[in-house]
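Rule-based calculations on the coordinates, nothing more; no lab input. Only a predicted model underlies this, so the values are computations on that prediction, with no experimental measurement involved. Cβ sites come from the backbone with ideal geometry, for glycine too, and all protein chains shown count toward neighbours.
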Amino acid sequence: MANRSMTAGEWGLLIALSLLWGGSFLFNGILVRELPTLTIVTARVGLAALALWTVVRLAGHAVPRSREVWLAFLGMGVLNNIIPFSLIVWGQTHIASGLASILNATTPLFAVIAAHLLTTDEKMTGGRLVGVLVGFLGVALMIGPSVLSDLGANLLAQLAVLGGAVSYSIAGIFGRRFRRLGLPPLLPAAGQVTASAVLMLPVALVVDRPWTLAMPSAQTWMALFGLAFLATALAYVIFFRILATAGATNLMLVTFLIPVSAILGALVLGEVLAPKHFAGMVLIAVGLAAIDGRLLRMVMEKRRPLGSDAGG
């Protein structure tokens, strides 16, 4: 399953997921203007949990009681929500949402490495190794000489977003266990954001003291609801649906589509991306194409002489 091609329906879900998650960078770009990082993350997972458990109840699913299941929810919540959400939101307080979305597109690159180290059925191949090297060259091009000369907040913010991509890649592999547990997609989606909210709430209350903050603007409230209900609750239902049917490797291709939000962020938030950022995005796209292998197979099939498959 991990290496099979996806159906048209699964590609449709993947595109929908990329649009929802691409919007999260736009929402974050609005929210960081008025709210601190931990408050944003806690509100995001808390509101998403409320929405998802409402849907679970309406769908008639039983709440899991197994300790194994809730430990899996906890692990997924940490890897797929708490760590990446916090790192990416903090990173977006220093860098543009478009650049953050491009850096996040490195998730499949890290996923190839993580899969090689942590699984038995998704080992590194020559094509995937080339893809990883080209993709990381794109990252290096975007960050530029600041890696060596600038240790300020901008570099740390870019590294934070890359750290979020690493966490996402490990989460994709960790989440394969939910198929073995036989859970419908709604339950892992609700369980992981619930575990995240329980862990994040006391931390946000102590660190951010949100009751002392000024009342957010209407635009901020709209962005928060969009982030929680669309880019989190709905997105995770689709996420676990794809994971259950198409596998973790195919699922990670979603970040190949997300950098379109770089343009969205630049247009809506008035951000400007440098030419090196677009050049880096092209290299990441080439690397991802090499990792996926579909483009190369299509080219080879078109170049194959007619009748070469006949008679043998």
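Just a few scattered comments:
- For the range 32-109, the Kirkwood estimate of the hydrodynamic radius, built from every pair of different alpha carbons, is 14.7 Å.
- FRET efficiency for the LEU129 to ALA279 pair, using the beta carbon distance and R₀ = 22 Å, is estimated at 0.50.
- Förster radius 25 Å - calculated FRET efficiency between LEU118 and TRP70, Cβ distance, rounded to 0.05: 0.70
- Additional length obtainable on full extension of the chain from LEU199 to ALA140, 0.36 nm per residue less Cα span: 17.8 nm
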